[in-house]
Amino acid sequence: MKLLDSINNSNDIKNINKEDYAELAEEIRAFLIDKVSVNGGHLASNLGAVELTMALHLCMDFPTDKLIFDVGHQAYTHKLLTGRKDEFEHLREYGGLSGFPKSCESDADAFNTGHSSTSISAAMGYAVARDLNKENYKVAAVIGDGSMTGGMAFEALNSLSQIKTGCVIILNDNEMSIDKNVGGVSRYLNSIRLGDAYNGFKTGVEQSLLATKTGTKVARILKRSKDNIKQFFVPGSFFDEIGITYVGPVDGHDIDNMVSVFKQAFKLNKPIIIHVKTKKGKGYRFAERHPDYFHGIASFDKETGHLIEKKTNKTYTDIFKHKLVELGDKHEDVVAITAAMSIGTGVFKFAEKYPKRCFDVGIAEQHAVTFAAGMAKAGLVPFVAVYSSFLQRAYDQILHDVCMQKLHVIFAVDRSGLVGQDGETHQGIYDISYLSHMPNMLLMAPKNRYELQSMMDFAYDYDGPVAIKYARGTAFKGLEECNAPIEVGKSEVIYEGREIAIFACGNMMEEALKLYNKLKDSGKNPTLINVRFVSMIDYALLDGICSNHNVIVTMEENISKGGYGELLASALLDKGYDKDGKIIHIDASIKQDIVSHGKISELRDMLGISADKIYEAINEYI
């Protein structure tokens, strides 16, 4: 019988013999590799956090104590140790186990996460509430060194240093976020990692002090000496200086040592940051060699590490990355900015050729946008490449620093629309709603791979803010022959017909073409329109459509509120196009505000925005 078979509920790990911890860690790694190889998921980060999570579970009681993971990429072991082993059969499948912490799955998940740099703030909220309610439970946050580059983490540390409530912060340092970490915070942590002389002395002393009743008095006596000593060994000492006790680095794969340190830290009613060093991908040689590749991966052969379904077709990200280099070749004023997603957004190709014109600012989307605004003001043409769900973190900067000044910043909004198995925190289904109402902003969506390139050319020549939104996955090859010149605010008629008009937004063109063909096969003669500018209405086109069509269908992968369908419905009313009430508008958009994880085809069907479901809706109306 495997040790893992005896863990079926929270806190069962406490029944495991101490000498069996290493064996349990091996079983957990083998289990994770097996399950992720079938369903895909975040592998390298989870493999690196196995012993760390085990040590925390040995020191905490669930669900009474509160453990909050930053992002949640590393929460799989936590899910295993809280009784969800059997649910891994359906990891990231529609209706199955989420890849991120979810309170609806288990009361051992204290806080839902999915984006970075939030854990310290949430943990601090729990700790303050605990104190005010006169309760008694432990609070811990696990945050990666990559997430520490996010400004929100430092805002929380600044506040925590003032409130000084009991809160343990585990800095999980594997020198990686998704891409290799960059910037001053990374360099600072490197200096701490290398400061063995000071840290050997400091960690030993702090552990001894924490273990004795007289430790506080001794600490006061030694404080002045310690402050002098650390100046010789550590450049800076940021955490101690702002009033948060720093302990570490600690070996993140030594369970006994971590348990000792964690137990001592939980005894103190003060903020403590414990610097734990782990190896991303540990225990699986392919993930250890290529932790970025195995950060988030599709189904793969665990014996070879190769994807089961190799990518053969170019994605929209592939199209973007090559076109960006082409624009860089032509125009010396083109620069590129990414927020710790150089590989994910394709910007790395530009960086390889033009390293001085490419900037990875770390997990700092707000800074990235205003940084770009300053560049634009000084005459450069910045491309800010970012995922849709991450760009919303910089809402104020886009509005205030870019749009209000009408600056020539180009936003490459990757993973727009449904993204699938990463679930609600990563679905890019809000960008039309939060970008279309911004002053001076042109929001565009290409129908295929060729139009993405044309839109990038157009965006370079345009004088003002532009956002181009495109989907995750294979770039549509169809309709290459349809390439009318791009004009501001003008939509493109793909096929002209009568009675039924289909307005397709961006990546929904492929689905719209299926719908068009189904209607043709049933004897209808529909019109198919490529919207292009999803933040505005082509009134000249709409005027003609309303004169000889009585059914208008809008198709988009965006929530209904603030989407293109709502914009067109308002136009129909405001301009009096539907004064006789004879025009039927079918708004094929996302009617629920939150969309869970699952395959995109499953989600489209469930949401009623697939070609088949829209065809059924049209027949019902007609």
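Identify, by number, the condition in (1) at pLDDT 95 or above; (2) under 27 Å from the mean Cα position of the chain (by Cα) that residue 474 doesn't meet.
Exception for residue 474: condition (1).
Considering (1) among the hydroxyl-bearing types (Ser, Thr, Tyr); (2) closer than 28 Å to residue 308 by Cα; (3) more than 24 Å from the chain's Cα centre (by Cα), say which one residue 77 fails and leave the rest.
Among (1) among the hydroxyl-bearing types (Ser, Thr, Tyr); (2) closer than 28 Å to residue 308 by Cα; (3) more than 24 Å from the chain's Cα centre (by Cα), residue 77 violates only (3).
Here are some residues: 421, 427. Which one is touching a Lys or Arg at 6+ places or on another chain (Cβ under 6 Å), among the polar types (S, T, N, Q) and at negative phi?
Being touching a Lys or Arg at 6+ places or on another chain (Cβ under 6 Å), among the polar types (S, T, N, Q) and at negative phi holds for just one of 421, 427, which is 421.
Let me spell it out: the conditions are (1) touching a residue at least 60 places away in the same chain (Cβ under 8 Å); (2) part of a loop (DSSP other than H, G, I, E, B), and residue 134 meets all of them except one. Which number is the exception?
Of the numbered conditions (1) touching a residue at least 60 places away in the same chain (Cβ under 8 Å); (2) part of a loop (DSSP other than H, G, I, E, B), the odd one out for residue 134 is (1).
Only residues that are open to solvent by 50 Å² or more (accessible area, probe 1.4 Å) and touching a Leu at 6+ places or on another chain (Cβ under 8 Å): list them for segment 280-300, please.
Correct list: 282, 283, 298.
Taking residue 61 and the conditions (1) of a type outside the set (Phe, Trp, Tyr); (2) over 22 Å from the mean Cα position of the chain (by Cα); (3) more than 24 Å from residue 121 (Cα to Cα), which numbered condition does it fall short on, given that it satisfies the others?
Condition not satisfied by residue 61: (3).
If a residue counts only when it is crowded, with 24+ Cβ neighbours inside 10 Å and of a type outside the set (Val, Ile, Thr), which strands (runs of 3 or more DSSP E) contained entirely in segment 462-512 have at least 2 such residues?
In segment 462-512, the matching strands (runs of 3 or more DSSP E) lie at 466-469, 499-504.
Kindly list the number of the only condition in (1) closer than 25 Å to residue 321 by Cβ; (2) in contact with a Pro (Cβ under 7 Å, 6 or more places away or on another chain) that fails for residue 475.
Evaluating residue 475 over (1) closer than 25 Å to residue 321 by Cβ; (2) in contact with a Pro (Cβ under 7 Å, 6 or more places away or on another chain) leaves (2) as the failure.
Would you be able to say whether some residue in segment 453-466 is closer than 19 Å to residue 555 by Cα and either within 29 Å of the chain's Cα centre (by Cα) or charged (D, E, K, R) (or both)?
no
Could you tell me whether any residue of segment 265-279 is within 24 Å of the chain's Cα centre (by Cα) and open to solvent by 30 Å² or more (accessible area, probe 1.4 Å)?
yes
Residue 306 - would you say it is over 25 Å from residue 116 (Cα atoms), exposed (fewer than 14 other Cβ atoms within 10 Å of the Cβ) and without any contact (Cβ under 8 Å) to a residue 12 or more places away in the chain?
yes
In segment 43-75, what residues are open to solvent by 10 Å² or more (accessible area, probe 1.4 Å), part of a loop (DSSP other than H, G, I, E, B) and over 15 Å from residue 137 (Cα atoms)?
71, 73, 74
Taking only pairs six or more apart or across chains, which ones have beta-carbon atoms under 7 Å, a first residue in segment 362-375 that is at positive phi, and a second residue that is surrounded by fewer than 24 Cβ atoms within 10 Å (Cβ to Cβ)?
362/182; 362/183
Name the residue, out of 389, 436, that is touching a Gly at 6+ places or on another chain (Cβ under 6 Å) and more than 16 Å from residue 319 (Cα to Cα).
After ruling out the rest, the residue left standing is 389.
For segment 118-138, enumerate the residues that are under 19 Å from residue 76 (Cα atoms) and open to solvent by less than 10 Å² (accessible area, probe 1.4 Å).
If the condition is that a residue be under 19 Å from residue 76 (Cα atoms) and open to solvent by less than 10 Å² (accessible area, probe 1.4 Å), then 119 is the only one that fits.
Can you tell me which of (1) surrounded by 13 or more Cβ atoms within 10 Å (Cβ to Cβ); (2) of a type outside the set (Ser, Thr, Tyr); (3) in contact with a strand residue (DSSP E or B) (Cβ under 7 Å, 6 or more places away or on another chain); (4) without any contact (Cβ under 8 Å) to a residue 40 or more places away in the chain is the one residue 555 doesn't meet?
The one condition residue 555 does not meet is (4).
For residues that are within 16 Å of residue 413 (Cα to Cα) and out of contact with any strand residue (DSSP E or B) (no Cβ under 8 Å at 6 or more places or on another chain), scanning just segment 323-347, find the one that is least open to solvent (accessible area, probe 1.4 Å).
323
Scanning segment 536-567 for residues that are of a type in the set (D, E, K, R) and outside any helix (DSSP H, G or I), which turns out nearest to residue 512 (Cα to Cα)?
Checking each candidate, the answer is 556.
Would you check if residue 114 is open to solvent by 60 Å² or more (accessible area, probe 1.4 Å), in contact with a Gly (Cβ under 8 Å, 6 or more places away or on another chain) and assigned to a loop (DSSP other than H, G, I, E, B)?
no
If a residue must be modelled with pLDDT of 85 or more, touching a Ser or Thr at 6+ places or on another chain (Cβ under 8 Å) and more than 25 Å from residue 506 (Cα to Cα), how many such residues does segment 302-346 contain?
Result for segment 302-346: 2.
Which members of segment 314-349 meet the condition of being among the hydrophobic types (A, V, I, L, M, F, W, C) and part of a loop (DSSP other than H, G, I, E, B)?
339, 340, 341, 347 - these are the residues of segment 314-349 that are among the hydrophobic types (A, V, I, L, M, F, W, C) and part of a loop (DSSP other than H, G, I, E, B).
Only one of (1) touching a residue at least 40 places away in the same chain (Cβ under 8 Å); (2) open to solvent by less than 70 Å² (accessible area, probe 1.4 Å); (3) assigned to a loop (DSSP other than H, G, I, E, B) is not met by residue 594, so which one is it?
For residue 594, the failing item is (2).
The values are calculated or read from the model by the stated rules, or taken from the named source; none is laboratory data. Just so we're clear, the structure is a prediction, and the values are computed from it rather than from any experiment. Every residue, glycine as well, gets a Cβ built from its backbone with ideal geometry; the counts of neighbours run over all protein chains shown. For accessibility, only protein heavy atoms count, side chains too; no ligands or nucleic acids. Shrake-Rupley method; radii C 1.70, N 1.55, O 1.52, S 1.80 Å.
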